[in-house]
Amino acid sequence: MAYNRPTMTDRFAYKELVFDGRVAKAHRVGVRMPDGRVVERDWIHYGGAAVILPILDDGSVVLIRNYRFAVDETLYELPAGMMDPADASPEQCARRELAEETGYTAGRIELLGSFYSGPGTCDERMHAFVATGLSAGEQDLEVYERIEAEIVAEAEVRAMVADGRIHDAKTIATLGLYWLKASRAGPGEGDPAQDAPSPGR
């Protein structure tokens, strides 16, 4: 059954902007409950984002090692980033972030699917892509980014997810989505991204 998304009036009795940041806006909201009560919650608004699984011709994966100040840790991740106002689509964002963070450009990029990163408090929707036909180039990092690209065999990537060396949620979700689609397609049945839905579906 399809449900219509509630309007702001349906969802919230009130909405107060308490923080207006560079990448996120935080609101104090009164959520309307089915019994008529209004419960105060925190709600964080983000723009859309893209995460990219870059696969080389030999099947190996381009991971990044990315220092994240919020957790004070350098994480193994897939390249990713938020949509800029200039991005016409999630795919454009994906191509830009791939080139900036890894130096690689993609001859082909296909949508795997989309998911919410943390729907308990925020509305960020991430669009996951697989990138192939890669050509190497130079990174173009932001001044605050500390990122190194690393080529890893797919079998080792699987081991890294299983043993916890990869513990970034968007990376695990995107890899899992790709592997699930590949296993369902079966051998010789083409790219698992072929039947993925468009971002608007």
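Coordinate-derived values only; no laboratory data. Predicted model only: the values in this text are computed from it and were never measured. So basically every Cβ, Gly included, is an ideal-geometry build from the backbone, and we count neighbours across all protein chains shown.
Here are the numbers:
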quantity	calculated
The chain: angle of helix 169-185 to the longest principal axis, Cα-based, in degrees nearest 10	60
Rg/Rg_ref, segment 55-133, where Rg_ref = 2.2 N^0.38 Å and atoms are Cα	1.16
In segment 51-157, the GluC sites (Glu not before Pro) that fall in loop regions by DSSP, at most 14 other Cβ within 10 Å	Glu138, Glu142, Glu145
Relative contact order (%) - the chain, alpha-carbon pairs under 8 angstrom, separation at least six	21
Size-normalised alpha-carbon gyration radius of segment 86-167, reference 2.2 N^0.38 Å	1.24
Per-pair calculated FRET efficiency, R0 = 30 Å: Leu17 and Ser135 via Cβ, rounded to 0.05	0.10
From the C-alpha gyration tensor of the chain, square roots of 5λ in Å	33, 21, 16
Candidates Phe19, Phe129, Phe115, ranked by Gaussian network fluctuation over the chain, Cα under 10 Å, top entry	Phe19
GNM result for the chain, Cα springs below 10 Å: residue of Ile172, Ile109, Ile151 fluctuating most strongly	Ile151
Sorted by Cβ neighbour density within 10 Å, fewest at the top, the residues Thr105, Thr174, Thr121	Thr121, Thr105, Thr174
Interchain or long-range residues, amide H under 5 Å from Ala13's placed H	Gly30, Val31, Arg32
Other-chain or far-sequence residues with amide H under 5 Å of Met83's (modelled H)	Gly48, Ala49, Ala50
In segment 31-78, the trypsin sites (Lys or Arg not before Pro) that fall in loop regions by DSSP, at most 15 other Cβ within 10 Å	Arg37
